[in-house]
Amino acid sequence: MCTPVGHSLAGAILVRNSRFPFSFRNGKSVLGLLVVANLPDIDFLFGWIAGNPNQYHQGATHSLLFIVAVSVLAGWGYSRFHPTGTFQTISIIFGVLLLHLVCDMLGKDSRTPVGIPLFWPISDISLHSPVSIFGSVYKSSGSSQFIRSLFCWHNMRTVLGELGVMGVVYAGLKIIGKRR
């Protein structure tokens, strides 16, 4: 599973390398990107309220149904204020949300069931890559300790690994882009 840093960087790289008109100088746009890139992890909030932040993590919000629904709703909301570019907006939101799921599938996951329920509610099978590119994330299961538990050396190493992987991806895309 990725950290918010990894999810945010993956979303930023996708947006930066797309034809989507996006300004990294616009604070509202950047905040929107950060929210979308990390939105599937809203399930931590539901667990936090129940007393165990991990209780619902990597559940329904980590499914194709969720990201399609969010993409369409966000595109509809966007179209109410901007009459053009709705399909493009839906597409980029879908892509950023899908990258969240891909990054989680590529991270070490030791919690059962391992993986994410990509095809929920049609199937409860959890999918996970046999190869982990990203490290694991340590997080307490108690609401009172949850936030503090995220700031540990283990997670810092995971973030550094994500920075390295995303840096290589970004550099590779820049090199490919120059050859076109």
Those residues of segment 26-41 which are touching a Phe, Trp or Tyr at 6+ places or on another chain (Cβ under 8 Å) and either closer than 23 Å to I116 by Cβ or loosely packed, with under 13 Cβ neighbours inside 10 Å (or both), in sequence order: L33, P40
Inter-residue pairs, beta-carbon under 7 Å, first assigned to a helix (DSSP H, G or I) and in segment 149-174, second among the aromatic types (F, W, Y) and buried (at least 17 other Cβ atoms within 10 Å of the Cβ), 6+ apart: T158/F134; G161/F134; E162/F134; V165/F134
Candidates S141, S136, S126, S110 - the one that is farther than 26 Å from L65 by Cα and among the hydroxyl-bearing types (S, T, Y): S141
Criterion violated by D104 - all others in (1) touching a strand residue (DSSP E or B) at 6+ places or on another chain (Cβ under 7 Å); (2) loosely packed, with under 14 Cβ neighbours inside 10 Å; (3) not polar (S, T, N, Q) satisfied: (2)
In segment 42-81, the residues that are surrounded by 14 or more Cβ atoms within 10 Å (Cβ to Cβ) and charged (D, E, K, R): D43
Wholly within segment 1-83, helices (runs of 4 or more DSSP H) carrying at least 1 residues that are touching a helix residue (DSSP H, G or I) at 6+ places or on another chain (Cβ under 7 Å) and either within 11 Å of L97 (Cα to Cα) or modelled with pLDDT under 90 (or both): 4-16, 27-38, 64-81
Subset of segment 107-137 that is hydrophobic (A, V, I, L, M, F, W, C) and either closer than 16 Å to D43 by Cα or in contact (Cβ under 8 Å) with a residue 60 or more places away in the chain (or both) - its residue that is surrounded by the most Cβ atoms within 10 Å (Cβ to Cβ): I116
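The values are calculated or read from the model by the stated rules, or taken from the named source; none is laboratory data. Remember, it's a predicted structure, so these values are computed and weren't measured experimentally. No Cβ is skipped: glycine too gets one built from the backbone with ideal geometry, and neighbour counts run over all protein chains shown.
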